[in-house]
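Since every read-out is calculated from the coordinates, none of them should be taken as a lab result. Values in this document were obtained by computation on a predicted structure and should not be read as measured data. Every residue, glycine among them, receives a Cβ derived from its backbone with ideal geometry; neighbour counts consider all protein chains shown.
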Amino acid sequence: MKLSKLPFKVSKTAPNNADTINHKLLVQAGFVRQLMAGVYTYTPTGLRVLRKIENIVREEMNSIGGQEILMPALHPKANWLATDGWNKIDVLFKLKSRTDKEYALGQSHEEIVTPLAKELINSYKDLPLALYQIQWKYRDELRAKSGILRGREFFMKDMYSFHENQKDFEKFYANVKDAYLRIFKKLGLTAKVTEASGGSFTEKISYEFMVLTDAGEDDILYCNECNYCVNTEIAKVKEGDRCPKCGAPLKAGRASEVGNVFDLGQKFAKDFDLTFVDANGEKQYPIMGCYGIGVSRCMGVIVEKYNDEKGIIWPASIAPFDVALIALNGAEDFANDIYQALQKEGISVLLDERNESAGSKFAAADMMGLPIRLVASTRNGEQIEWKKRNQTDSELIDLPEVIKRLKN
Ligand code: ATP
Ligand code: MG
């Protein structure tokens, strides 16, 4: 991609309503645009990042047997009455048609996936089943804030599992936990797992995946010596107390919840009369679980963790392009040769061939946060300047060496 062709440019000034780093930098670097509080457009570069995160999540969900579907965002009222969510869920967006029919916008999809699964599940032979989707969610959040961390419209991966019994379910639950940890690691995030009591519908155990950041809205207590972590809201311990697991002093921190897993028990199966016939010929309700990841929130949290005074520093796994290639005056042809050669090797490149000062090209590359910066300049002949976004030192190397390093 050539930078001059990007429709959304890097801006020298930050948006004046930005309350967090992710809001400021994502807008300034041209990755998102705010339509209103909590609702954003993703630009071509922003969408590339979102898709990369989405694909990391998708790969791991597929690897544990998840089947991807895409459910509607517009729901009939009846489904939400069946679970009493219509009256009980305060964030549920409700709307009325011109013929006075009522609808809800999907804030989560238990109400849709459970009746859907009735078609698939008849006997124990149809279990286990895990369906997931990656889709927009709508929530009437009282305070949409912190850029894309808390939206009224946001991108979520939500998976729903159906198991014959508690034992099978718990095995799968553990697999999902492991898959989540792999996902967050690939995204460059260190997720701490808190044990928490379940949501409004269940007293069962749930786990929240928390990433330390001041832009988050949760307070956690955690141990640096072992993996003990709890949400302060429900905790019996406080900062400085001894870790109940290993005895080290507990630390307190602000965190953002990037994902969670819930044991739903039989609540939704009962609401929709979803049953299966077990091996003894008896009717049973399956055990359900639900598993969310805030895909767009992850993108915001990554920006909160990876930035400096010059802009974003994307982890290579989700950067919109592998390389920022800058053509300085007189080296346009050479830069173009490098551009072609790298693309032939499957390396994605953003070529800055604009008629702009070197300074403004460097600033744009830094702001957009691509992992590697290459500079073609007549001063360096056939040598190319190589610099990592998170380092200050640069080196001069030739094209085959550039390709070799990028392919590693
Ligand atoms: P929170 O406590 O932050 O409101 P939640 O418990 O309501 O989260 P879930 O309903 O389980 O979250 O949604 C699954 C995931 O979706 C969350 O772990 C979070 O990463 C993300 N998420 C939830 N609400 C929002 C939102 N308003 N904007 C962006 N992401 C969100
Ligand atoms: Mg919430």
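Starting from the Cα-Cα distance between K167 and Q343, subtract it from 0.36 nm times their residue separation and give me the gain in nm to one decimal. Could the numbers behind the result be given before it?
Details: separation 176, 0.36 × 176 = 63.36 nm, distance 4.96 nm.
Roughly 58.4 nm would be gained on extension.
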Inset, instruction - Please report, in debye to the nearest 20, how large the charge dipole of the stretch 180-269 is about its Cα centre when each Lys and Arg carries +1 at its beta carbon and each Asp and Glu carries -1 there. - result: 360 debye
Legend entry - Among T99, L264, H109 the positive-end extreme of the charge dipole of the chain (Cβ point charges): T99
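Cα-Cα over 30 Å: which of K145/K251; K52/K167; K157/K305; K52/K245?
On the way: K145/K251 26 Å; K52/K167 34 Å; K157/K305 21 Å; K52/K245 37 Å.
Exceeds cut-off: K52/K167; K52/K245.
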Inset, instruction - List every residue whose amide H lies under 5 Å from the amide H of G265, counting only residues 5 or more places away in sequence or on a different chain, with H placed 1.01 Å from N in the peptide plane. - result: M288
Legend entry - Isolated Cys residues of the chain, judged by Cβ distance under 4.7 Å to other cysteines: C229, C290, C298
Inset, instruction - Answer rounded, prolate or oblate for the chain, using the Cα gyration tensor with square roots of eigenvalues a ≥ b ≥ c: rounded when a/c is under 1.5, else prolate when a/b is larger than b/c, else oblate. - result: prolate
Inset, instruction - Starting from the Cα coordinates of the stretch 321-407, work out the convex hull volume and express it per residue in Å³. - result: 84 Å³
Inset, instruction - Starting from the amide H of N307, placed 1.01 Å from N in the peptide plane, find each other amide H under 5 Å away whose residue is 5 or more places distant or on another chain. - result: I313
Inset, instruction - Set Lys and Arg Cβ to +1 and Asp and Glu Cβ to -1, take the dipole of the stretch 8-308 about its Cα centre, and tell me which of A215, M71, N122 lies farthest positive. - result: A215
Inset, instruction - Work out, in µm²/s and without decimals, the Stokes-Einstein translational diffusion coefficient of the stretch 277-352 at 25 °C, 0.890 mPa s, Rh from Kirkwood over C-alpha pairs. - result: 145 µm²/s
Legend entry - the chain: most fluctuating residue of M288, M210, M36 per GNM, C-alpha cutoff 10 Å: M36
Inset, instruction - Would you mind estimating how fast the stretch 191-335 diffuses translationally, via Stokes-Einstein at 37 °C and 0.692 mPa s with the Kirkwood radius over Cα pairs, in µm²/s? - result: 173 µm²/s
Legend entry - Likely footprinting exposure, C229, C223, fewest C-beta neighbours within 10 Å first: C223, C229
Legend entry - Furthest towards positive pole of dipole, I205, M368, I287, structure part the chain, Cβ charges: M368
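Using 0.36 nm per residue of separation minus the Cα-Cα distance, give me the extension gain between A358 and K388 in nm, one decimal.
Length gained between A358 and K388: 9.1 nm.
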Inset, instruction - Kindly write out, for the stretch 265-276 in residue order, the coupling ³J(HN,Hα) from the Karplus curve 6.51 cos²θ - 1.76 cosθ + 1.60 (θ = phi - 60°), rounded to whole Hz, with x marking Gly and Pro. - result: x, 10, 3, 6, 4, 5, 4, 10, 6, 8, 10, 9
Inset, instruction - At 0.36 nm per residue, minus the direct Cα-Cα distance, what do F93 and E59 gain on full extension? Give it in nm, one decimal, please. - result: 9.2 nm
Inset, instruction - Would you kindly give the portion of the calculated P(r) for the stretch 44-165 that falls above 24 Å, as a percent of all Cα pairs? - result: 38 percent
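To make sure I understand, if each residue's beta carbon is the centre and we count other beta carbons within 10 Å, what order do R254, R389, R58, R98 fall in, fewest to most?
Numbers: R254 15, R389 22, R58 18, R98 5.
Lowest to highest Cβ neighbour count: R98, R254, R58, R389.
Could you sort out which of K94/K238; K186/K283; K186/K310 sit more than 30 Å apart by Cα distance in this structure? Display every interim value, and only then the final one.
Values: K94/K238 40 Å; K186/K283 42 Å; K186/K310 24 Å.
Beyond 30 Å between Cα atoms: K94/K238; K186/K283.
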